[in-house]
Amino acid sequence: MRSISLPRANGLLLLALLSVALLYVGRLFFIPLAFALLLAMLLRPVSNWLERRGLGRAGAALVCLLLVLAFIGGLAWLISEQGSRIADDWPQLQARLDQELAKGQQLVQEKFGVAPQKQVQLVREQLAKVSQSISRFVGTSLKGLLGVVGGLVLVLLYLFFLLWQRRKFRQFALQLATPDNRPEVDRMLDQISKVGGQYLVGRLLSMVFIAAVYAIGFSIIGLKNALLLSVIAVLPTLVPYVGAYIGAAFPLVMALAGGESGLVLPTIGVIVLAQFIDNNIIEPLVMGSALHLSPLFTIVAVVLGELLWGIPGMILFEPLLAIIRIGCSHVPALHPYAYLLEDEMREPRWLKQVKRVFRRKA
């Protein structure tokens with residue numbers, strides 16, 4: 001058995017540490033670029049279709065950019081339009097919260113003997129202590145909002161140029177390889193483009209399904225502002241694993257604040273039903289083994305992404321790790337790493353049969 005030399009092991013460890021440090025230090029540069037790359041993979045078929053219809057490459061890229069802006073604008077309009085209804089209901093919600101606060105004060109008085117006036121005084125003292133912290137938080141939030149707007153502008157700019165000059169970038173990657181390896185590099189680039197697009201399409205279809213089930217279920221049980229609650233609850237599901245729980249918290253809070261305790265259990269039932277169907281039926285159908293990542297390294301990607309890039313990293317590191325797996329699978333020396341990252345679970349038999357039916361119809 002051939003052993004790994006100490007200098008080689010140290011070199012690999014140093015490379016890994018430098019890569020992690022570079023990702024962290026350069027996150028303001030890499031995050032918009034990574035989002036733009038995934039969107040470019042998603043919109044590449046649309047751009048190709050527009051070019052086949054006679055539209056120039058720059059024109060097709062511009063249309064794709066407008067589609068993204070239209071989607072963002074439509075989502076913002078829907079949230080603002082539905083949000084006005086919550087503003088109209090806010091006096092009722094505030095009255096309900098005041099009632100719950102009074103009950104809490106009475107419970108504290110009974111358990112600890114602290115009068116409500118004393119409780120209010122203690123709360124005011126604590127608020128005075130944290131006022132400076134709140135001011136700093138508001139300032140940080142405003143800077144964060146400006147950062148989001150600036151990041152969105154960068155994503156759109158990167159997206160336009162990636163779509164416009166995608167063939168040039170592809171030829172650049174092919175020219176880096178030797179003539180004998182160019183067919184293999186070409187296949188690798190095709191697989192990378194497909195995996196990014198499939199992941200985003202699958203994730204979006206899954207979100208649409210969950211939002212539809214939420215909207216229908218919340219409307220049936222009588223929860224107010226069902227459409228807005230569905231949209232807000234489904235947006236965090238972009239983050240794997242934890243997003244579903246974060247999104248479910250908002251409709252539950254609104255059900256509690258609505259003044260009708262009988263809505264809580266039906267709301268939980270709708271959320272559990274939607275997540276169960278999505279996890280066991282919808283996601284296997286629309287996403288399948290698009291990323292083909294081991295469950296262990298999927299969790300690792302989410303945790304590492306949060307540590308390095310925050311919430312954007314939790315969204316981006318899973319498909320980025322899948323791209324790394326594809327690259328390793330096309331380099332013989334890196335095949336062991338591809339084997340380590342890939343998912344060994346086979347597709348369920350029912351999923352294979354469903355896919356055969358759709359292929360026959362197509």
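Structural remarks
- Residue-level accessible surface for R203, protein heavy atoms, 1.4 Å, Å²: 20 Å²
- Largest first, the residues Y214, Y158, Y24 sort by 1.4 Å accessible area into Y24, Y158, Y214.
- Protein-only accessible surface order, largest first, of Y337, Y199 at 1.4 Å: Y337, Y199
- In nm, spacing of pseudo-spin labels at V253 and A21 (7 Å Cα→C-beta vector): 4.0 nm
- The 3J(HN,Hα) values that the Karplus relation (6.51, -1.76, 1.60; θ = phi - 60°) gives for the range 208-222 are, in residue order, 4, 4, 4, 4, 5, 5, 4, 4, 5, x, 5, 5, 5, 7, x Hz. Gly and Pro appear as x.
- Cβ-Cβ FRET estimate between L205 and W49, R0 fixed at 25 Å, reported to 0.05: 0.85
- Contour excess over end-to-end distance, with Cα ends at A173 and N280 and 0.36 nm allotted per residue: 34.7 nm
- Highest mean packing first, where packing is the average number of other Cβ atoms within 10 Å per residue, the peptides 170-177, 236-243 line up as 236-243, 170-177.
- Derived scalar couplings ³J(HN,Hα) [the range 12-26; Karplus, 6.51 cos²θ - 1.76 cosθ + 1.60; whole Hz; x for Gly, Pro]: 5, 5, 5, 4, 5, 5, 5, 5, 5, 5, 5, 4, 6, 5, x
- Net charge of Cβ neighbours under 12 Å - reference G197; Lys, Arg +1; Asp, Glu -1: +2
- Heavy-atom SASA rank of H292, H330 (probe 1.4 Å, accessible area, largest first): H292, H330
- Taking amide hydrogens as placed 1.01 Å from N in the peptide plane, the amide H of L293 sits under 5 Å from those of D343, each at least 5 positions away in sequence or on another chain.
The values are calculated or read from the model by the stated rules, or taken from the named source; none is laboratory data. Because the structure is predicted, anything quoted here is derived from the model rather than measured. Note that we place each Cβ from the backbone using ideal geometry, even for glycine, and neighbour counts take in every protein chain shown. The area values use the complete protein model at the heavy-atom level, side chains included, leaving out ligands, DNA and RNA. Shrake-Rupley method; radii C 1.70, N 1.55, O 1.52, S 1.80 Å.
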